[in-house]
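Asker: Next up is a structure, given as structure tokens.
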Amino acid sequence: MNKPKIAIATGDPAGIGPEISLKAARDPGVLAICRPVLFGDRVALQMHGSLQGIELVEVKHAKPKFGTVSPAHGRAALACAEKAIRAALAGEFHAVVGAPHTDTAIHAAGIEFDGYPSFVARLCGLAPEEPILMLCFRTEEREVRIAHVTLHASVADALKQITRERVLKTVRAVQRALSKLGIEIPRIAVSGLNPHASGAEERETIAPALEEAKREGIIADGPIGADTLIQRKGYDAYVVMLHDQGHVAAKLLAPQRIAALTIGAPVLFSSVGHGSALDIAGQGKADHRAMVEAITRLAGQRRRALAT
């Protein structure tokens, strides 16, 4: 079987994105399962190391200044990601991995951006809220996957977005993603919104959505208090209502090792669960394990899909 071809968008050129992209593209574990191709500016990448033996699709931009926030850096990060996603949509790549971007740089450029899932959605012709973010990582004991009903929204706006339909849509998307990952009978645990999952939203919104999911044959337990949700073992994925309900747990349990998978879109896409680390950019000491995690997950998912 041919190895999956994975596009790597190199992220904010003033941060660690190019460095960890180069390191990941040379990682023996990555090369064993896929063919990585970098999307980025040749000059910017050479500021981090040699390109010898690296496949590159060049996306030209101005030479960056390490550790700084600039509109040009924001435009460059999204230009690399857009070119890689469009190449995947055209069937040239099996999946895309995005290196870290810097939100302040993107917003300084005047670009509407509220995270990679909605960015992927717009490029795929979907509604911005259609794809869903699922954080994936391993602990010493188990595999953990956390999907979000709402993401980059204020708490006030998120409360308006949490509807029966949206909770049910999220649970369905997670069930489909787990099935694609080869899990025969997925088990999903779903959080509440209020302390101890004891409020009107649980009774009137979340619980009815889960009852509908169960009628469809989906195993979805809850609502469960968000403070104990991840401690519940025996589940293949967890669904949370708010950004911080998932991200706080993930970043405590697996700092620098989180793959942020976008599900529910026609393109397999993952980013990493950490930022562009402007403070150490250009120093050669960035940890690339989260990039390896993201790449190997997408390559593994593609190989499983081809095998079925």
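Asker: Across the stretch 168-179, in residue order, what do the Karplus-derived ³J(HN,Hα) couplings come to in whole Hz, using 6.51 cos²θ - 1.76 cosθ + 1.60 with θ = phi - 60° and x for Gly and Pro?
Answerer: Working through the residues one at a time gives 5, 4, 5, 4, 4, 4, 5, 4, 5, 5, 5, 4 Hz.
Asker: Between rounded, prolate and oblate, where does the stretch 1-133 land on the alpha carbon gyration tensor, with a ≥ b ≥ c its root eigenvalues, rounded for a/c under 1.5, else prolate if a/b exceeds b/c? Numbers along the way, then the final one.
Answerer: On the way: a/c = 2.03, a/b = 1.09, b/c = 1.87.
Oblate is the answer for the stretch 1-133, as a/c is 1.5 or above yet b/c matches or exceeds a/b.
Asker: Find, among the trypsin sites (Lys or Arg not before Pro) in the stretch 32-104, those assigned to loop by DSSP (not H, G, I, E, B) with at most 16 other beta-carbon atoms within 10 angstrom. Before the final figure, lay out the partial values.
Answerer: Working: sites: ARG42, LYS60, LYS65, ARG75, LYS83, ARG86; in loops: LYS60, LYS65.
Loop-located and lightly packed - LYS60, LYS65.
Asker: Would you give the gap between the C-alpha center of the stretch 231-299 and the C-alpha center of the stretch 102-180, rounded to a whole Å?
Answerer: Cα centroid of the stretch 231-299 versus Cα centroid of the stretch 102-180: 12 Å apart.
Asker: Summing -39500 (n - 2.57) over the DSSP H runs of n ≥ 4 in the chain and dividing by its residue number, what mean residue ellipticity at 222 nm do you reach, to the nearest 500 deg cm²/dmol?
Answerer: -11500 deg cm²/dmol
Asker: Moving on to the next point. What accessible area per residue comes out for the stretch 113-223, rounded to a whole number of Å², with a 1.4 Å probe? Please report the intermediate quantities before stating the final value.
Answerer: Values: 5170 Å² over 111 residues.
Spelled out: the 1.4 Å probe surface of the stretch 113-223, per residue, equals 47 Å².
Asker: What fraction of the Cα pairs in the stretch 240-289, stated in percent, has a spacing above 11 angstrom? Mind dumping the intermediate values first?
Answerer: Details: 922 of 1225 pairs.
Roughly 75 percent, once rounded to a whole number.
Asker: Still on this structure, I have one more. Take every DSSP beta bridge whose two residues both sit in the chain, then give the antiparallel share in percent to the nearest 5. Intermediate values should be presented prior to the final figure.
Answerer: Numbers: 14 of 40 bridges.
Here the share of antiparallel DSSP bridges comes out near 35 percent.
Asker: Per residue, how big is the convex hull around the C-alpha atoms of the stretch 60-150? Give it to me in cubic angstrom, could you? Before the final figure, lay out the partial values.
Answerer: On the way: hull volume 12.7 nm³, N = 91.
For the stretch 60-150, the hull spanned by Cα atoms encloses 139 Å³ per residue.
Asker: FRET efficiency for GLN283 and ARG203, Cβ-Cβ distance as r, R0 = 35 Å, nearest 0.05?
Answerer: Numbers: r = 52 Å, r/R0 = 1.49.
So the FRET efficiency works out to roughly 0.10.
Asker: For ARG86 and ALA62, calculate 0.36 nm times their separation in residues minus their Cα-Cα distance, and state this gained length in nm to one decimal.
Answerer: Details: separation 24, 0.36 × 24 = 8.64 nm, distance 2.20 nm.
That pair, ARG86 and ALA62, stretches by 6.4 nm at full extension.
Asker: Once the convex hull of the alpha carbons of the chain is built, what does its volume come to per residue, in cubic angstrom?
Answerer: Details: hull volume 39.5 nm³, N = 308.
Dividing the Cα hull volume of the chain by its residues yields 128 Å³.
Asker: While we're looking at this one, here's another question. Determine the gain in length on full extension of the stretch GLN161-ARG176; use 0.36 nm per residue of separation and subtract their C-alpha separation, reporting nm with one decimal.
Answerer: Values: separation 15, 0.36 × 15 = 5.40 nm, distance 2.19 nm.
Computed gain between GLN161 and ARG176 is 3.2 nm.
Asker: May I pose another question? For PHE269, what residues show an amide H to amide H distance below 5 Å, using hydrogens built from the backbone and excluding near sequence neighbours?
Answerer: VAL96, THR262
Asker: Within the stretch 76-119, name every residue whose backbone N is under 15 Å away from a label modeled 7 Å from Cα of LYS3 along the Cβ vector.
Answerer: Residues 94-95 fall inside that zone.
Asker: I'd like the Karplus ³J(HN,Hα) series for the stretch 111-125: coefficients 6.51, -1.76, 1.60, θ = phi - 60°, whole numbers in Hz, and an x wherever there's a Gly or Pro.
Answerer: So the J values, rounded to whole Hz, are 9, 6, 7, 10, x, 5, x, 6, 5, 4, 4, 4, 5, 8, x.
Asker: Given a cut-off of 15 Å, what percent of all Cα-Cα pairs of the stretch 1-74 lie beyond it?
Answerer: Numbers: 1384 of 2701 pairs.
More than 15 Å apart: 51 percent of the Cα pairs in the stretch 1-74.
Asker: Quickly work out the LEU253-to-ALA108 label distance, labels modelled 7 Å from Cα along the C-beta direction, and quote it in nm with one decimal.
Answerer: Calculated label separation equals 3.5 nm.
Asker: For the stretch 139-197, report the convex hull volume of the alpha-carbon atoms normalised per residue, in Å³, without decimals.
Answerer: Values: hull volume 7.5 nm³, N = 59.
Once divided by residue count, the hull of the stretch 139-197 is 126 Å³.
Asker: Something else now. Which whole-Hz couplings ³J(HN,Hα) result when phi for each residue of the stretch 18-28 is put into the Karplus expression 6.51 cos²θ - 1.76 cosθ + 1.60, θ = phi - 60°, listed in order with x for Gly and Pro?
Answerer: x, 5, 6, 5, 4, 4, 5, 5, 9, 5, x
Asker: What is the stretch 225-265 by shape, rounded, prolate or oblate, if you read a ≥ b ≥ c off the alpha carbon gyration tensor as root eigenvalues and call it rounded for a/c under 1.5, prolate for a/b larger than b/c, and oblate otherwise?
Answerer: Working: a/c = 1.44, a/b = 1.17, b/c = 1.23.
Verdict is rounded for the stretch 225-265.
Asker: Just round it to a whole percent: the fraction of Cα-Cα distances in the stretch 120-230 exceeding 17 Å. Don't skip to the answer; put the middle values down first.
Answerer: On the way: 3501 of 6105 pairs.
Beyond 17 Å sits 57 percent of the P(r) for the stretch 120-230.
Asker: Sequence-distant or interchain residues sharing an amide H contact under 5 Å with ARG187, placed H: which?
Answerer: Here ASP236, ALA237 satisfy the definition.
Asker: Antiparallel as a % of all DSSP beta bridges within the stretch 166-272, to the nearest 5? Provide the component values of the computation, followed by the final result.
Answerer: On the way: 4 of 11 bridges.
If we restrict to bridges inside the stretch 166-272, about 35 percent are antiparallel.
The values are calculated or read from the model by the stated rules, or taken from the named source; none is laboratory data. From a predicted model like this one, the values you see are computed outputs, not experimental measurements. Don't worry about glycine lacking a Cβ; one is built from the backbone with ideal geometry, like all the others, and counts go over all protein chains shown. To get the accessible areas, we keep the full protein, side chains included, count just its heavy atoms, and leave off ligands, DNA and RNA. Shrake-Rupley method; radii C 1.70, N 1.55, O 1.52, S 1.80 Å.
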